[in-house]
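Written out below as structure tokens is the structure these notes cover.
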Amino acid sequence: MDFIDSISLVDSVPQWFTNWITAIWLVGIGVAAGITLLFLIWLLGWGLSRVPGLGNLQENRSSFHLAAIILAVIFFGALAGLQFAEINSAETVDSESSFRSLVGLLLPLGIFCWLSALAVLVIVQKRTVEEVPNAVREGVLWPIFNIAIAMAVLGIISTLFVREPSAIFSSLERLTATGKTTFGPFEIPANESENSFAVLDQYEMPVPMKRSELVGLTIRSDQRVVIAPKQGNDLLTVQFDVAANEEYPWVKGLMWTKGVVVRNVFDTEDIEHLYVRNYGSDIAHVEIDVTTRPQFPEAMTIPIVAISLVILFLVYIVHRALMPKVSAVALATVKSEVNQPLFIAMMLIGITALIVFIFVPYHTFGEDIKVLKDTGMTLVMIFGIILAVWSASTSVAEEIEGRTALTVLSKPLTRRSFVIGKFLGISWTVALLFLVFGLVLVFVVAYKPIYDAKEEIKDEMIYASWQVCHSEMISTMPGLALAFMETVILAALSVAISTRVPILGNFLICFTIYVLGHLSPLIVQSSIGQFEIVAFVGQFIATVFPNLEHFNIQAAIAGGQEVPYDYLGWALVYCFIYSVIAMLLALISFEDRDVA
């Protein structure tokens, strides 16, 4: 780690560049870690595929499915056991709410375990391991792989221009070692002195923590106690005067004592003990909740990006191995749509527009970044929806009308494989569009605070910190993920509509679904207490059409609101269920469609 700091070139570049590139560097290092992890997974799969009976398990479907069920049950039991252990160790109120949350997560947890079991078994199959290089070199994975390599190289090179990269890596190691820890209860002897002015004895309480990681303390005691971070009778040392049976909260960097703001007295990095005096008439039982976080919590970006990249590649490889005919149709669809002039034009226009958004004056009195994020995410989503509907119309409706579908279906390919393959191909094409646009938007949003600081402060030495750039950049990712889920739902509906309706009708119907899907919550709410026919229409629209407002959180993201991970998980479940319903409608509609 010291070697990385020793070759730093931070002093040779402007400060604004260091702040901007540090935010980008975290993403690049995450991508490099993801590529490394993928290579290690491939090597592990190659080794396990040589195990007799395991590498050829997929050839016997019954044995393969039985092994998948057993592995899924093991995964489910392990995850559920960990959650139950957390519930049992929590307080009563938290335990009840956690138990309800666990019951609500049983379905998505079961789906996740089943898919994970399939992925594990597929990865260790000899045929899959041998086809991985071909899977990467063709189709949508090839441009994604090239983008990933470019980001990884950028991340490695930009390490030279990052301030304190070793400290950020150290924070990454401390991610699992921080959080909320309860120390105690400590039993502190009672005050036996009759002289009220006597200096009481101090008792040590072992409370190990690091100053750079400390966020706050919560102290509880059944007697009045005074706690100090240092040993001795220094009256200038700030002390925590804890009343009996009352919680005493303290936040790092700001503390109030009798209405006066005082300084943070933790002036050493490694804190081992706190020192307490008992001013009560009985033995004091003291508990201290210590809340810590890594010095640079932004390091969490590295594993999140790495895991996301691994999941993206594994999803493609697994569905290619499990559904070869469907994947062949999807591959042909991706190649066709990526080479369309519309896709290329959208790429050029979208990238140019996102870059121009940096310099557009929004006249928002210092809140330009919010408008930029909202405008950028909306542009990406609209382009994605247009591409999805257009691709569904050209690859399904026009192939049926032009009798191309008849040629394809004359081969050993079922109509089910044809429709599902088209949907997957369109989804992967849209995913590539979102990936490129999202990457550009990340670069743009990370630079926008620096640009605004330049314009407002007019001082080359004062810019937004890299933490601010990183925070603004990361806040856009949940919005992009939700926008992609909404686009996938509309792509599934568009494929279903394309089996019967030509391109113009498809656009009109999808536009209507888009509008009603965003207005359905408002219609339902406005129909409460109104005429029954109005309420019926509102409920009918909300039932039949997807509630797309679940994916519309651009305003919250632009306002700096944090999106919980469980919200993203439930949105993914909703997207999956509605896409399956749309695919069932597509199969029913296409089953008796005359393609001759």
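Coordinate-derived values only; no laboratory data. The model shown is predicted, which means the values in this text are computed figures rather than measured ones. So basically every Cβ, Gly included, is an ideal-geometry build from the backbone, and we count neighbours across all protein chains shown.
Details
- Peptides 387-394, 115-122 ranked from most to least packed give 387-394, 115-122, packing being the mean of other C-beta atoms within 10 angstrom over each peptide's residues.
- Region 3-81-region 466-481 distance, computed between alpha-carbon centres (Å): 23 Å
- Look at where the Cα atoms of region 488-509 and of region 336-360 average out, and the two centres are 23 Å apart.
- Pairs beyond 27 Å (Cα-Cα), from Lys180/Lys373; Lys180/Lys448; Lys370/Lys454; Lys180/Lys230: Lys180/Lys373; Lys180/Lys448
- Proxy reagent accessibility, fewest Cβ within 10 Å first, across Cys575, Cys469: Cys575, Cys469
- Packing-based exposure ordering (other Cβ within 10 Å, fewest first) of Glu164, Glu272: Glu272, Glu164
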